[in-house]
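Presented below is the structure to which this report refers.
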């Protein structure tokens, strides 16, 4: 069975977690959700992170929400005045 993606996976964030030896179960606990739900957020097969979760991730790990979670195509379109 192939699961349809709801959004693009966060490959850069997943790579960050692996490179920094951060376990998904630990991040899930920090966010108050199941490991399965977190995995779906990261891989794009479930819902997306909410703003509060992104703020917790950003402040806990010292990373930029823009760098890891905002689609670069959307950011570039906004910078160029397109919607």
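The values are calculated or read from the model by the stated rules, or taken from the named source; none is laboratory data. All values derive from a computational prediction rather than experimental measurement. So basically every Cβ, Gly included, is an ideal-geometry build from the backbone, and we count neighbours across all protein chains shown.
Before moving on, here are some points about what is shown:
- Output for segment 21-69, where each listed residue is exposed (fewer than 13 other Cβ atoms within 10 Å of the Cβ) and on the phi > 0 side of the Ramachandran plot: 21, 32, 62
- Unique residue being touching a helix residue (DSSP H, G or I) at 6+ places or on another chain (Cβ under 9 Å), exposed (fewer than 12 other Cβ atoms within 10 Å of the Cβ) and at pLDDT below 90 when the list is 83, 73: 83
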